[in-house]
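Take a look at the structure set out below.
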Amino acid sequence: MIKVVRGNPTPEELAAALAVVRARAAAASAIPSGAPAPRDSWSDPSRVAAHRLPQPGPASWTRTYWPS
């Protein structure tokens with residue numbers, strides 16, 4: 001059941017929102033239950049290893065990974 005808590009949507013806006021919810025539910029049920037979940041690219045270790053790390057040296061203390 002979907003309930004509008006705030007606002008006054010038009011029938012077209014409500015139909016569009018319902019279509020998105022139904023499409024997401026259909027996509028979630030299309031994934032087989034035995035299949036592993038897709039990996040998120042944020043947790044991929046190769047994302048971090050793809051960049052060159054700064055080399056140690058006399059001015060290495062001036063380089064940092066923290067944003068300035």
**Study point:** Whole-Hz couplings from phi, Karplus 6.51/-1.76/1.60, listed for the range 21-26; x for Gly and Pro
**Key:** 4, 5, 5, 5, 5, 5
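Taking 0.36 nm per residue of separation and subtracting the Cα-Cα distance, what length does fully extending R6 through L18 add? Mind dumping the intermediate values first?
Details: separation 12, 0.36 × 12 = 4.32 nm, distance 1.59 nm.
Length gained between R6 and L18: 2.7 nm.
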Practice item. Starting at the first residue of the range 9-16, write each ³J(HN,Hα) from the Karplus equation 6.51 cos²θ - 1.76 cosθ + 1.60 with θ = phi - 60°, in whole Hz, x for Gly and Pro. Key: x, 6, x, 5, 5, 5, 5, 5
Practice item. In whole Hz, with x marking every Gly and Pro, tabulate ³J(HN,Hα) for the range 56-61 from phi via Karplus 6.51 cos²θ - 1.76 cosθ + 1.60, θ = phi - 60°. Key: x, x, x, 10, 5, 5
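No lab work stands behind these numbers, since they all come straight from the coordinates. Since the model is a prediction, treat every value here as computed from it, not as a measurement.
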